[in-house]
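First comes the structure, then the notes that go with it.
The values are calculated or read from the model by the stated rules, or taken from the named source; none is laboratory data. Just so you know, these numbers come straight off a predicted model, no measurement behind them. Cβ placement follows ideal geometry from the backbone for every residue including glycine, while neighbour counts extend to all protein chains displayed.
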Amino acid sequence: MAEFYEFFAGGGMVRAGLGPDWTCRFANDIDAKKAAAYCANWGDDALHLGDVADIAPRQLPDQADLAWASFPCQDLSLAGPGRGLAGHRSGAFHGFWRVIEGLAAGGRAPALVAIENVCGTLTSRGGADFAVLIRTLSEGGYRPGALIIDAERFLPQSRPRLFVIGVRDRILLDPALCSADPHGPFHTPAVIRAVSTLPPEVAARTLWWSLPAPSPRTTTLTDLIEPDGPNTPWHTPDQTARLLTQMSPLNVQKLAVARRTGTLTHGTAYRRTRQEHGHRIQRAEVRFDGIAGCLRTPGGGSSRQIVLEVTGDRVRSRLMSPRETARLMGLPDSYQLPTGQGDALHLTGDGVVVPVVRHLARHLFEPILGSIRR
């Protein structure tokens, strides 16, 4: 049985991914509504509601094997204000790291630290924020390695995310768990490029984790669509027609291809504002590749993902339901979502994909901890 601390826990998707062989000793989130969902699904024994900056190391019991932190991404996202780790939201990483430093000072440093965030972290402020992350872990006594894992390898959602996994210096690693050079699907050109720009003394301590690719995905978007009902109200024909008029010629062509199949086809669309001929125009951008677009938090009507159902000439549209977003994150239907639709969408849009966490646990965390115990 392994133990973990879960910072910025949200609804506990990391806990769901780690599975029953892991025990949560401490969880933290500042959002009361997310914390309520966490308690509804996992109980409140380990949860601390509050700002990570106010947490003292003495509040964390014992010594966990893993500390996980999915800190806010707003200042690191390509769509955000670009303040990076100096920003108010993404700067919460520093509060988390002060807790880790305090644990280390007391001889209770976790064997593993896992950090998850948007891929924009690699290039934020010209790569300076990624360098801060890697240097911080390295100077804190961890050997870090970076991976980009896209959820579409596990579930029908396009959701690439950066994972930085650090292992404590004193731990002897099985040579099969890392390699001398980048290889495999998770060492993307963006990761390799970011590591190559690190200061030499920092890059020298960076690991290339050997994480196998998962088995080919067998589910498509259609498999996760809810049946018609009160939770899935379709748009009126006029609303759907208006959506179709917002498509560019390229997206109209995508719809035409879906229509020509003559079979039931599901796709998704986002409304986005684009610059065209010097004007800002709202466009509906669609995909019919069996994969949903990346889930986002409902910051406004334009950020809600739309489901399209096509059967020949018939086209229907509606907003994606909260349960569908939960399925796209790998949560079982038994998971209790917040009753408010906006709250549920905020929880799933901010979460970590459950089977990605399980893949990391199975092929990296658990082998490392097993070697320690042996």
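Just to be sure I understand, how many residues within the range 245-299 are among the hydrophobic types (A, V, I, L, M, F, W, C), part of a strand (DSSP E or B) and more than 18 Å from I225 (Cα to Cα)?
Selection size over the range 245-299: 2.
Which ones in the range 247-270 are loosely packed, with under 15 Cβ neighbours inside 10 Å and either among the charged types (D, E, K, R) or outside the structural domain of R296 (by TED's automatic domain parsing) (or both)?
R260
Considering only residues of the range 306-331 that are at pLDDT 95 or above and part of a loop (DSSP other than H, G, I, E, B), which is farthest from A344 (Cα to Cα)?
Among residues in the range 306-331 that are at pLDDT 95 or above and part of a loop (DSSP other than H, G, I, E, B), the one farthest from A344 (Cα to Cα) is G330.
Listed residues T232, T222; which is more than 23 Å from P367 (Cα to Cα), in a helix (DSSP H, G or I) and touching a strand residue (DSSP E or B) at 6+ places or on another chain (Cβ under 7 Å)?
Answer to the selection: T222.
What about G278, is it over 23 Å from T311 (Cβ atoms) and more than 29 Å from the chain's Cα centre (by Cα)?
yes
To keep it simple, each residue is scored yes or no on (1) closer than 24 Å to T325 by Cβ; (2) among the hydrophobic types (A, V, I, L, M, F, W, C); (3) outside the structural domain of A176 (by TED's automatic domain parsing); (4) loosely packed, with under 12 Cβ neighbours inside 10 Å.
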| site | (1), (2), (3), (4) |
| --- | --- |
| L207 | no, yes, no, no |
| P230 | yes, no, yes, yes |
| P233 | yes, no, yes, yes |
| T245 | no, no, yes, yes |
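Taking the range 158-196, which residues are closer than 20 Å to R362 by Cα, among the hydrophobic types (A, V, I, L, M, F, W, C) and within 18 Å of the chain's Cα centre (by Cα)?
The answer is L162, F163, V164, I165, F186.
Of L133, L103, L112, L122, which residue is over 27 Å from A2 (Cβ atoms) and either assigned by TED's automatic domain parsing to the domain that holds P199 or crowded, with 23+ Cβ neighbours inside 10 Å (or both)?
Within the list L133, L103, L112, L122, the selection yields L122.
Is it the case, given these coordinates, that S302 is surrounded by fewer than 16 Cβ atoms within 10 Å (Cβ to Cβ), over 16 Å from L155 (Cβ atoms) and modelled with pLDDT of 95 or more?
no
Out of curiosity, is L345 in a helix (DSSP H, G or I) and touching a Pro at 6+ places or on another chain (Cβ under 7 Å)?
Yes.
Name the pairs whose Cβ atoms lie under 8 Å apart, with the first residue in the range 94-120 and within 13 Å of R161 (Cα to Cα), the second at pLDDT below 95 and hydroxyl-bearing (S, T, Y), and 6 or more positions between them or separate chains?
These pairs meet every condition: I115/S70; E116/S70; N117/S70; N117/S90; V118/S77; G120/S77.
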